[in-house]
Amino acid sequence: MLIDTFGRVARDLRVSLTDRCNLRCAYCMPPEGLEWLPGDEVLTDDEVLRVIRIAVGLGVTEIRFTGGEPLLRRGLVDIVRRTAALEPRPHISLTTNGIGLARTAQALRDAGLDRVNVSLDTLDPEKFATLARRDRLCDVLAGLEAAAAAGLTPVKVNAVMMRGVNDEEAAPLLRWCLEHGYHLRFIEQMPLDAQHGWDRATMVSADEVLARLAESFSLVPVGAEERGSAPAEEWLVDGGPGRVGVIGSVTRPFCGTCDRVRLTADGQVRNCLFARDESDLRAALRSEASDEQLARLLEANLLAKRAGHGIDDPGFLQPVRPMSAIGG
């Protein structure tokens with residue numbers, strides 16, 4: 001069992017398969033992109049699967065593949081297939097920007113992928129091109145449609161609202177997702193940008209998003225017992241069955257029920273999205289460490305997990321790695 005000193009048990013392993021991305025979203029990285037990891041520093045498919053197998057043996061029940069953009073990983077379909085063959089079989093999901101999903105959704109579903117989260121911050125083509133620095137909205141929408149058709153449900157849409165950029169779109173985006181049967185979740189912008197330019201004063205908070213939605217919809221909160229360790233608080237929209245979620249990582253932290261641990265593309269284990277310390281599994285994997293030794297490294301990393309991310313602490317320091325290099 002992967003447990004920390006506060007009694008939280010890690011059941012959810014987020015596995016970053018690459019730090020590369022085919023978008024350049026303004027709140028994530030600079031226009032010119034970042035310096036990508038050299039290929040020999042990225043875990044091989046076999047190394048990724050070995051860590052997943054050990055984690056499942058330690059009680060992990062959810063595997064989420066992330067990036068960068070995980071659809072850029074060669075061998076993704078086979079990695080999903082091999083993960084689905086594990087006993088006990090974990091639930092398998094994918095967080096993606098949706099570009100390329102139209103071509104791969106059915107193959108991923110056939111391999112054993114259970115569902116997807118797709119990032120979409122705006123339905124306006126010009127605004128999308130400005131935010132993502134790529135004119136690819138049509139590809140994202142096609143990917144969402146293909147995911148639903150392939151049965152990768154519930155298809156979840158992740159949206160980040162930015163003040164003066166797209167914060168007027170909260171209600172229209174929710175209405176559109178309800179019409180298409182997608183589950184929308186608003187995520188507060190977090191201090192994980194490569195530029196280290198995050199400013200809490202300019203962040204659109206969960207309360208602000210909810211206030212905007214309340215102008216157009218009736219919202220009834222879903223009970224906390226149903227939420228469990230999920231990061232999103234949920235509300236029934238206009239009596240249901242449609243719902244909307246809000247992940248208030250900054251202003252409504254859920255650290256007390258966090259059940260996540262992360263593996264970066266270069267084999268570093270992180271017990272918190274905002275951790276500044278990592279445990280090097282890649283070196284152990286490549287020095288003939290036994291499964292037992294790797295399991296002990298995972299356990300030791302979780303034991304060092306702090307009570308919370310500390311964003312409100314005066315001494316908080318943003319992680320050196322940006323989100324694209326950590327994996328969501």
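The values are calculated or read from the model by the stated rules, or taken from the named source; none is laboratory data. From a predicted model like this one, the values you see are computed outputs, not experimental measurements. As a convention, Cβ positions derive from the backbone with ideal geometry for all residues, glycine included, and neighbour counts pool all protein chains shown.
What the table shows:
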| read-out | value |
| --- | --- |
| Considering residues of the range 1-52 that are of a type in the set (Ser, Thr, Tyr) and assigned to a loop (DSSP other than H, G, I, E, B) only, the residue nearest to Ala307 (Cα to Cα) | Thr5 |
| Members of the range 197-209 that are of a type outside the set (S, T, N, Q), touching a residue at least 24 places away in the same chain (Cβ under 8 Å) and more than 15 Å from Glu168 (Cβ to Cβ) | Trp198, Arg200, Met203, Ala206, Asp207 |
| Yes/no for Arg73 being under 18 Å from the mean Cα position of the chain (by Cα) and modelled with pLDDT under 90 | no |
| Qualifying residue in the range 87-97 (condition: among the small types (Gly, Ala, Ser), surrounded by 19 or more Cβ atoms within 10 Å (Cβ to Cβ) and modelled with pLDDT of 95 or more) | yes |
| Total residues in the range 174-229, condition β-branched (Val, Ile, Thr), assigned to a loop (DSSP other than H, G, I, E, B) and more than 19 Å from Asp121 (Cα to Cα) | 1 |
| Pairs with Cβ under 9 Å, 6+ apart, first in the range 85-105 and closer than 23 Å to Asp46 by Cα and without any contact (Cβ under 8 Å) to a residue 24 or more places away in the chain, second among the aliphatic types (A, V, I, L, M) and buried (at least 20 other Cβ atoms within 10 Å of the Cβ) | none |
| Extreme residue, surrounded by the most Cβ atoms within 10 Å (Cβ to Cβ), among residues of the range 122-155 that are of a type outside the set (Gly, Ala, Ser) and touching a residue at least 60 places away in the same chain (Cβ under 8 Å) | Leu131 |
| The range 77-106 - residue that is outside any strand (DSSP E or B) and of a type in the set (Gly, Ala, Ser) and, of those, nearest to the chain's Cα centre (by Cα) | Gly98 |
